[in-house]
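Please read the structure below before turning to the comments.
The values are calculated or read from the model by the stated rules, or taken from the named source; none is laboratory data. If you're wondering where the values come from, they're calculated on a predicted model, not measured in any experiment. With ideal geometry, Cβ positions are generated from the backbone for all residues, glycine too; neighbour counts draw on all protein chains shown. For accessibility, only protein heavy atoms count, side chains too; no ligands or nucleic acids. Shrake-Rupley method; radii C 1.70, N 1.55, O 1.52, S 1.80 Å.
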Amino acid sequence: MNVRSIGIATSLLVAAFAIACGGSGRRSGFGTDTDPTVGAGDEKGGFTNEGPGQGSECGINNTDGDPDKDYDGDGFPLKDDCNECNTSINKGAYDIPGNGVDEDCSGTPDDEEVECDDGLSKSGSDPFDGAKAIGLCKKADPNGTSWGVVEAKWVRPDGSSLSNKVGVGILEKFGVNAPQLGASMLALSSGKAAEGAPVTTDKGYSHGTPAGYPKESPACPGVKTGQARDGVALELTIRVPTNAQSFSYQQNFFTQEYPDFICNKFNDFFVTMMSPVPAGLADGNIAFDQDTNPISVNNSLLQVCEPGTHGPTPQTEKTFDCPLGVGMLSGTGFEGAAATGWLTTSAPVTPGSEITLLFAIWDSQDGWLDSTVLIDDFKFSVDGADTATKPSEVK
C-alpha cells in the first residue's frame, strides 16, 4: 500500500494555487503581491534569494517579512510556509504527486513517499508496519509541523495491551485476493491472520469492547451477543494533512459464521472506531451498512457466498442473494463460508487536526469459527465526504 493514492483532486489545488495569489505587478513566474494582512496601499514587492519561502509566486514570501508571522492564517508562519497566499500550501500539507506543486514546502515538488509496503515483516511485529501496509507511509514529526502517523499500537479491542499477535498479519495476498494498491495489506483476525488458516484458532482470552459495544445488529432484534473474545486491533493516532477534508480506506471481511450462525450470540464483529466521533453518529464506529448494522455476518453487505435463507427463527431469518458468487473465497480458508467483498469506508476530517482510528475485530461467546478482515488503500482527499460504507468500485 502507498500514500501516492491520497486521491486528492490535483486540478482543484492547481487552480487554487494559480488564483489565490492574484495581484498587481505580475512578472514571469514571480509577483509583487500584496501582504494579505495590510491594505492595498501597503503593497510589498521584489524578489531576493534569501529568507523563508523565497521563490514563491506569493509576493510576501519574496520580501523581508516577519518569519514568525502567519500572513495567510493557515497556522504556519512565514518560516514554515512557502506560499503565504494559499492556505493549502505549508509544511503540514500532503505533497500531491505529479502536479508540479510543492505543497509541503520541502523545496522539491512531488517528493512525498509513495512506496512503503514492500518487504514488510509478515508478522507485523512493528505496529508502524501495520500503518504502512494500509497506506500510511509517513510518521508525523515530533514538533507538530508535518502530517502523518503520530502513534501506532497493537491492542485488544478495548484498548488494553495485546500480547498474542497471531491475529495480526501483513499479507501479499489472501487466497485469490490481492492488495488494492501496493505490495501488501493488513490482516486482522479473531483467529490466525494467514491465508488457508484453520477455521478455528481459539486463542483463549476474553476482553472488553470499544465504547458503545457490544452493539446488537438492527437486523437481529432481541439477539444478544456474548462476551468478546480473541480480539485484535490496530490503533493509530494520525495528524491530518492541512489540505485534507476527508479520508477513505478499503476492507474485505471474511467470516466462518455463515451460514449457520446468522442472528446468533456467536457473532464476530469488525468496527473502525474514530475519535473525534463524526457528527451524526451514535458512537465512533464508521464501518456499517445502510441500516447501521456493524460489519458482521448480519450485515447486508455480505455478498460473497452461496445464496440462501438462514437464521435460527422465522423472525430472524435472512435471505442472502450473494451477487458476487464465491470466487473470492478460493484459497483463503473460508471456502464454504462468506465475505463482503471489498468495501470502501469514508469519513470527514478537520484539516490539520489529530484523529484516532481503532481497527478492531473480535469473536463473541467463544473462540470458535473465526473471522478475518483485510484493510488497504487508506488515503486522504481535499474533497469532503459523508460517513458511509459501500461496495468499492471495480478497478
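Residue by residue, here is whether (1) assigned to a loop (DSSP other than H, G, I, E, B); (2) free of Cβ contacts under 8 Å to residues at least 12 places away in the same chain; (3) over 21 Å from GLN251 (Cα atoms) holds:
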{"position": "ASP111", "(1), (2), (3)": "yes, no, yes"}
{"position": "CYS116", "(1), (2), (3)": "yes, no, no"}
{"position": "GLY124", "(1), (2), (3)": "yes, no, no"}
{"position": "ASP129", "(1), (2), (3)": "no, no, no"}
{"position": "ALA133", "(1), (2), (3)": "no, no, no"}
{"position": "CYS137", "(1), (2), (3)": "yes, no, no"}
{"position": "ASP141", "(1), (2), (3)": "yes, yes, yes"}
{"position": "SER146", "(1), (2), (3)": "yes, no, yes"}
{"position": "VAL150", "(1), (2), (3)": "no, no, yes"}
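Return only the number of the condition from (1) at positive phi; (2) polar (S, T, N, Q); (3) open to solvent by less than 10 Å² (accessible area, probe 1.4 Å) that GLN365 does not satisfy.
That leaves (3) as the condition not met.
Quick check on this structure: which one of GLY352, GLY311, GLY327 is within 23 Å of CYS263 (Cα to Cα) and in contact (Cβ under 8 Å) with a residue 24 or more places away in the chain?
GLY311
State yes or no: is LEU181 touching a helix residue (DSSP H, G or I) at 6+ places or on another chain (Cβ under 6 Å), farther than 14 Å from PHE269 by Cα and open to solvent by 20 Å² or more (accessible area, probe 1.4 Å)?
Yes.
Results for (1) under 25 Å from the mean Cα position of the chain (by Cα); (2) among the hydroxyl-bearing types (Ser, Thr, Tyr); (3) under 22 Å from GLY167 (Cβ atoms), shown as yes or no for each residue.
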site: MET328; (1), (2), (3): yes, no, yes
site: ALA347; (1), (2), (3): yes, no, no
site: PRO351; (1), (2), (3): yes, no, no
site: PHE359; (1), (2), (3): yes, no, yes
site: LEU369; (1), (2), (3): no, no, yes
site: VAL382; (1), (2), (3): yes, no, no
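With open to solvent by less than 10 Å² (accessible area, probe 1.4 Å) and either closer than 30 Å to CYS58 by Cα or of a type in the set (Asp, Glu) (or both) as the only criterion, which of ASP81, ASP111, ASP118 stands out?
None of the others qualify; the one that does is ASP81.
Going by what's in this entry, would ASP158 be described as more than 18 Å from the chain's Cα centre (by Cα), among the charged types (D, E, K, R), part of a loop (DSSP other than H, G, I, E, B) and at pLDDT 95 or above?
It is true that ASP158 is more than 18 Å from the chain's Cα centre (by Cα), among the charged types (D, E, K, R), part of a loop (DSSP other than H, G, I, E, B) and at pLDDT 95 or above.
Considering each residue of the stretch 368-388, count those that are within 30 Å of CYS263 (Cβ to Cβ) and surrounded by 24 or more Cβ atoms within 10 Å (Cβ to Cβ), and give that number.
The number of residues fulfilling the criteria is 7.
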